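Student: Sending over a structure as structure tokens; questions will come in a sec.
The values are calculated or read from the model by the stated rules, or taken from the named source; none is laboratory data. Since we're looking at a predicted model, the values are computed, not measured. Here the Cβ positions follow ideal geometry from the backbone for every residue, glycine too, while neighbour counts run over all protein chains shown. Note: areas computed on protein heavy atoms with side chains; ligands, DNA, RNA excluded. Shrake-Rupley method; radii C 1.70, N 1.55, O 1.52, S 1.80 Å.
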Amino acid sequence: MTASPPAQVTGLTALPPRTVEFRGARGGQAVLTWGQQGIWRSTRWLDDGDPYFNLAWTLPVTGAAGLDAVLRAVGRLVERHETLRTAFARAGEGAGEGDGEGGEDGEEDTVQRVSREGRLTVGVYEAAAKPMSAAKELAAALAATGFDYAAELPIRCAVVCQRGRPRVLALALSHLALDGWSLNMVAAEWPRLVAGEDLPEPGRQPLDQAAFERSDSPPGGQALWHWRTGLASAPRSMFDFPMREPEEPRFVRHGMDSPAAAVAAEALAARHGVTTSSVLTVASAALLAAVTGHRTAALQLIVSNRHHPGMEAMAGPAAQDGLCVIELGAGTTFADALRHGHRRTMATYRNGHYDPALVHAAREAEAWDRGANIDLDAFFNDVRQAGRWQGLPPVDPGDAAALAALRGRTRTFFVGAYSKVKARIFFATGPTPSTCEFYVLVDTAFLPGDVAGRMLTGLEELLVRAVSEEVPLDRVAKVAGLDPVPRPSGWTAIGHDWVDLPASEELLRRACGTDLAAVVVEDASDEAGAGAGDGAAARLTGYLVASPGLDTPEAVHSAVMRAAAGRTDVLAPHHYVLCAAPPAGPAGWPACPRLIEGGGRAPSSAMTVLGR
């Protein structure tokens, strides 16, 4: 397997490419690791050839190493890290690559297949000037085309020389091969490999990790409990309001460099005994909740999982999504939310390693009980090294004038627009150590694109304001300069969820193929277990006339859930009442003679037969 043909970049002269042969210690085949499954699932959501999950990277060549030494270092890098020799294909397809021993089914029957030996084509270029700048442009060009995961190595590279001496290695890497932690590992190893050092072999490879995760005592039991409790207390969507006409392209991303936000976050973290990662997470949650009209925010945090033994030295994706649910109750302040949110954030990071199949089953079960799909497409990712900044300006956060002056250095910018992203909103830090580099991506089918930019300046304003005064959560939208999403008449809050009642009634009628149905908000405070799944007293009761095939609550609930797939504006009724005949008028449903009623979720405990 070889890389794509060398890319052409202005200012570079292409020289004959070189071929690097490699032979690793082993090859083999295994199911996908849990970390690989998350990336693989996301790549399948995109169009074939989409480069969204490609990583452009550059590694400087220091000292007086010649081209042959650099090429040997590239070969050694590929040999020592099996992830750089891995293809991804359906089990049984493409047999013969490497010395696989047969695989088991993984995500969508996909396996990781490690080639023991092979060849890698390495481009060679001569730069007239500024080799590092040219190499960055070259790396971006190499990463501009999606990888063929089944047939291509997940690495493309080229050496940029100046006056015949190698100066930089330009890389395009698949996120299926390396994550941010792994990139830092490679960067640390690279100069030693170029110098010819004999490094110890990695203690764990993805093949080993897959075996560990499928062992008799797999990890993740506590994490599964964390997910179940979080799902039960989270809104079923942060975006339970009417969709809007999306912009084109649909997803937009804005960025900000703010030394003032970093200084303020450090001051708040020290004052309240929390981390700056928690400060940024809670601030993001508060901004999102303020815009969407929620008192509870649910974010998926990208958890590196590198604190688990053995995983700290493995090159390969290990991160998984962790569920963080933060209460932002009325009458409390941002400082109160910081203390509570820090505990939730730390618990999320501790419980981010789990079997995705079990968490998927937990989400499906919660959706079935809640009466709607669980939409968790709101994310936060802190990519800073160890979650810290270094080299911040020496400004006293208590000096209001100095902090205000520092805000004069804030820079906001448009990053890009994309046609397809598996997120409705995505908050993320950048790696820059001397400023708060922060990004917000929004789905314009739910929020206007300029909201991303206003959230960035709002984040800075919220953090700086919180240094000098108490900020009530009720005032976050005003402080941040954000407009809460308006919900039209007919929407109401049921527990943590906002619901379009007319649309929910229309859903029941369409799912059951009849106009003889109604949805009514009722008080269920006196009926144990009959609420909305989160302790709320209000519940939705669906009334309809029984018909063949739709004569039990279970059958009706199944039909409604199928019809509700993917929607964030409706809820299936929590309780169903099937009647023999319709009432004389719309308000008469509760008085109709009842044939059978129940929640339709658990037949043995939720259904009561009447009059039979």
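Student: On a straight-distance basis, which aspartates and glutamates could pair with Lys420 in a cross-link, Cα separation under 17 angstrom, same-chain partners fewer than 8 positions away excluded?
Tutor: Asp47, Asp48, Asp50, Glu245, Glu247, Glu248, Asp375, Asp377, Asp443
Student: While we're here: Which value results for Rg/Rh of the range 263-378 when Rg is the Cα radius of gyration and Rh the Kirkwood radius based on the inverse mean 1/r?
Tutor: Rg/Rh: 1.01.
Student: In debye, nearest 20: dipole of the chain around its Cα centre with unit charges on the Cβ of K, R (+) and D, E (-)?
Tutor: Charge dipole, the chain, about its Cα centre: 1360 debye, nearest 20.
Student: Sort the range 1-75 into rounded, prolate or oblate with this rule: let a ≥ b ≥ c be the square roots of the eigenvalues of the Cα gyration tensor; rounded if a/c is under 1.5, and if a/c is not under 1.5, prolate when a/b is larger than b/c, oblate otherwise.
Tutor: It is oblate, given that a/c is not under 1.5 and a/b is not larger than b/c.
Student: Using modelled amide H (1.01 Å from N, peptide plane; none on Pro or chain starts), what sits under 5 Å from the amide H of His81, excluding residues fewer than 5 places away?
Tutor: When sequence neighbours closer than 5 places are left aside, there are no close amide H contacts.
Student: With +1 on each Lys and Arg Cβ and -1 on each Asp and Glu Cβ, how big is the dipole of the range 127-245 about its Cα centre, in debye rounded to the nearest 20?
Tutor: About 540 debye.
Student: Let me ask something additional. May I ask you to derive the FRET efficiency for Gln222 and Val383 from their Cβ-Cβ distance with R0 = 22 Å, giving the value to the nearest 0.05?
Tutor: 0.30
Student: Follow-up question, since we're still on this one. Ranked from highest to lowest mean number of other Cβ atoms within 10 Å per residue, what is the order of the peptides 74-87, 309-322?
Tutor: Result, highest mean first: 74-87, 309-322.
Student: Still on this model: Could you work out the helix-only [θ] at 222 nm for the chain, with each DSSP H run of four or more residues adding -39,500 (n - 2.57) and the total divided by the number of residues, to the nearest 500 deg cm²/dmol?
Tutor: Calculated at 222 nm, the ellipticity per residue is -10000 deg cm²/dmol.
Student: With θ taken as phi - 60° and the coefficients 6.51, -1.76 and 1.60, list the Karplus ³J(HN,Hα) couplings across the range 306-320 in order, rounded to whole Hz; mark glycine and proline as x.
Tutor: 7, 7, 7, x, x, 7, 5, 10, 9, 7, x, x, 10, 5, 9
Student: A further question on this structure: Return one whole number: the accessible area per residue of the range 266-366 in Å², for a 1.4 Å probe.
Tutor: 31 Å²
Student: Amide H neighbours of Ala538 under 5 Å, counting only residues 5+ apart in sequence or on other chains, H built in-plane at 1.01 Å?
Tutor: Gly495, Ala524
Student: Taking a probe of 1.4 angstrom, what is the accessible area of Thr432 in Å², to the nearest 10?
Tutor: 50 Å²
Student: Right, here's the next one. Using a 1.4 Å probe on the protein heavy atoms only, what accessible surface does Ser42 show? Give it in Å² to the nearest 10.
Tutor: Probe radius 1.4 Å; accessible area of Ser42 about 30 Å².
Student: Suppose we keep just the DSSP beta bridges with both residues in the chain; what percent of those would be antiparallel, to 5?
Tutor: 85 percent
Student: I'd like the Karplus ³J(HN,Hα) series for the range 483-490: coefficients 6.51, -1.76, 1.60, θ = phi - 60°, whole numbers in Hz, and an x wherever there's a Gly or Pro.
Tutor: Residue by residue, the range 483-490 yields 9, x, 5, x, 10, x, 4, x Hz.
Student: Taking the Cα centre of the range 373-480 as origin and charging only Cβ (+1 Lys, Arg; -1 Asp, Glu), how large is the dipole, in debye to the nearest 20?
Tutor: 300 debye
Student: Largest first and in whole Å, what are the equivalent-ellipsoid semi-axes of the range 131-179 based on the Cα gyration tensor, each being the root of 5 times an eigenvalue?
Tutor: 23, 10, 9
Student: Right, another one. How high is the relative contact order of the chain? Use alpha-carbon pairs under 8 Å, at least six apart in sequence, and give a whole percent.
Tutor: 14 percent
Student: Let me ask something else. Compute the long axis of helix 221-233 from its Cα atoms, compare it with the longest principal axis of the Cα atoms of the chain, and write down the angle in degrees, 0 to 90, nearest 10.
Tutor: Roughly 50 degrees between the two axes.
Student: As I understand it, the value is the acute angle between the Cα axis of helix 34-45 and the longest principal axis of the Cα atoms of the chain; what does it come to in degrees, rounded to 10?
Tutor: Tilt of helix 34-45: around 80 degrees.
Student: What length, rounded to one decimal in nm, is gained on full extension from Glu21 through to Ala313, with 0.36 nm per residue of separation minus their alpha-carbon distance?
Tutor: Extra length from Glu21 to Ala313 when fully extended: 102.6 nm.
Student: Apply the Karplus curve 6.51 cos²θ - 1.76 cosθ + 1.60, θ = phi - 60°, to the phi angles in the range 270-287 and return the couplings in whole Hz, x for Gly and Pro.
Tutor: 5, 5, 9, x, 10, 9, 5, 4, 5, 4, 5, 5, 5, 5, 4, 4, 5, 5
Student: Using label points projected 7 Å from each Cα along Cα→Cβ, tell me how many nm separate Glu197 and Arg244, to one decimal.
Tutor: Distance between the two pseudo-spin positions: 5.3 nm.
Student: What per residue convex hull volume, in Å³, do the alpha-carbon atoms of the range 154-308 yield?
Tutor: Cα-based convex hull of the range 154-308, divided per residue, equals 254 Å³.
Student: Tell me, Kirkwood radius of the range 36-91 from alpha-carbon pair distances, in Å?
Tutor: Kirkwood radius, the range 36-91: 14.3 Å.
Student: So, in nm, how far is label Phe212 from label Arg411 when the simple model puts each one 7 Å beyond its Cα toward the Cβ?
Tutor: 4.0 nm
Student: Please compute the Kirkwood hydrodynamic radius over the range 443-508, one decimal place, Å, based on all pairs of different Cα atoms.
Tutor: In the range 443-508 this quantity evaluates to 14.3 Å.
Student: Taking amide hydrogens as modeled 1.01 Å from N in the peptide plane, which residues meet the under 5 Å criterion relative to Ala150, leaving out close sequence neighbours?
Tutor: Residues meeting the amide H criterion: Phe88.
Student: Could you name the aspartates and glutamates in cross-link range of Lys136, using Cα to Cα under 17 Å and dropping any fewer than eight places away on the same chain?
Tutor: Within the straight-line limit of under 17 Å, Lys136 reaches these aspartates and glutamates: Glu126.
Student: Got a sec? Charge dipole of the range 326-462, +1 on Cβ for Lys and Arg, -1 for Asp and Glu; which of Ala378, Thr348, Ala401 is way out at the positive end?
Tutor: Ala401
Student: When Rg is the radius of gyration of the Cα atoms in the range 418-574 and Rh is its Kirkwood radius, what does Rg/Rh come to?
Tutor: When Rh is taken as the Kirkwood radius, the ratio is 1.11.
Student: P(r) tail for the range 339-480, what percent of Cα pairs lie past 25 Å?
Tutor: Counting every Cα pair in the range 339-480, those more than 25 Å apart make up 43 percent.
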